[in-house]
Amino acid sequence: MSIPIIVQCKVKAPVEKVWKALTDQHEMKSWYFDIADFELEKGKTFNFYEPGEEKKYHHQGEILEIIPDKKLKHTWSYPELSAGITAVTWELNQQGEETNITLIHDDIDQLKELGDNFSREAFAEGWNGILKQSLKPYLES
């Protein structure tokens, strides 16, 4: 069992607004990825690529758990590159006018054979950027 990557971020937005940003495919396009086949339903699979025309790194996820306004958990894998499957959990906790977002990426060692672009450090840097430089400004604008 590997040590999870945990990234936390506090935003000045109600939990309902944060939940919508995490689960509405149209909002995701503005701060995250373009995930055209995302459906908020347990067991549903979704697919997306890194931004850009070259369709780099096919990502695939399956929704494992949904607790509205509190928790979204899904798998995170690269089916063309590795048999490794990791899990990403988004936890939300409203405190007054702010919402604490905790992202937990488990089993990251499942992807270590893919090299430096898939290292613990690379994922930690990526998630920090997504939460703090993309999602937070999106929600607070």
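Quick notes
- Ranked 106, 116, criterion: other C-beta atoms within 10 Å, fewest first: 116, 106
- Residue separation of residue 62 and residue 134 scaled by 0.36 nm, minus their Cα-Cα distance, works out to 23.6 nm of gained length.
- The longest part of the chain holding none of the exposed loop trypsin sites (Lys or Arg not before Pro), meaning those outside H, G, I, E and B in DSSP with at most 16 other Cβ atoms within 10 Å, is 71-141.
- On full extension, the segment bounded by residue 100 and residue 71 gains 9.3 nm, given 0.36 nm per residue less the C-alpha separation.
- Rounded to the nearest 20, the size of the Cβ-charge dipole of the chain about its Cα centre is 360 debye, with Lys and Arg at +1 and Asp and Glu at -1.
- With the helix formula -39500 (n - 2.57) applied to DSSP H stretches of n ≥ 4, the chain reaches a computed 222 nm mean residue ellipticity of -6000 deg cm²/dmol.
- In this label model, residue 6 and residue 117 are separated by 3.0 nm, measuring between points 7 Å along each Cα→Cβ vector.
- Since only 63, 5, 92 are under comparison, the one whose Cα sits farthest along the positive direction of the charge dipole of segment 5-140, derived from C-beta charges on Lys, Arg, Asp and Glu, is 92.
- Efficiency of FRET between residue 50 and residue 85 - r from beta-carbon atoms, R0 25 angstrom, step 0.05: 0.85
Every number here is computed from the coordinates shown, using simple stated rules; none is lab data. The shown structure was predicted, so the numbers you read here are calculated from the model rather than taken from an experiment. Every residue, glycine as well, gets a Cβ built from its backbone with ideal geometry; the counts of neighbours run over all protein chains shown.
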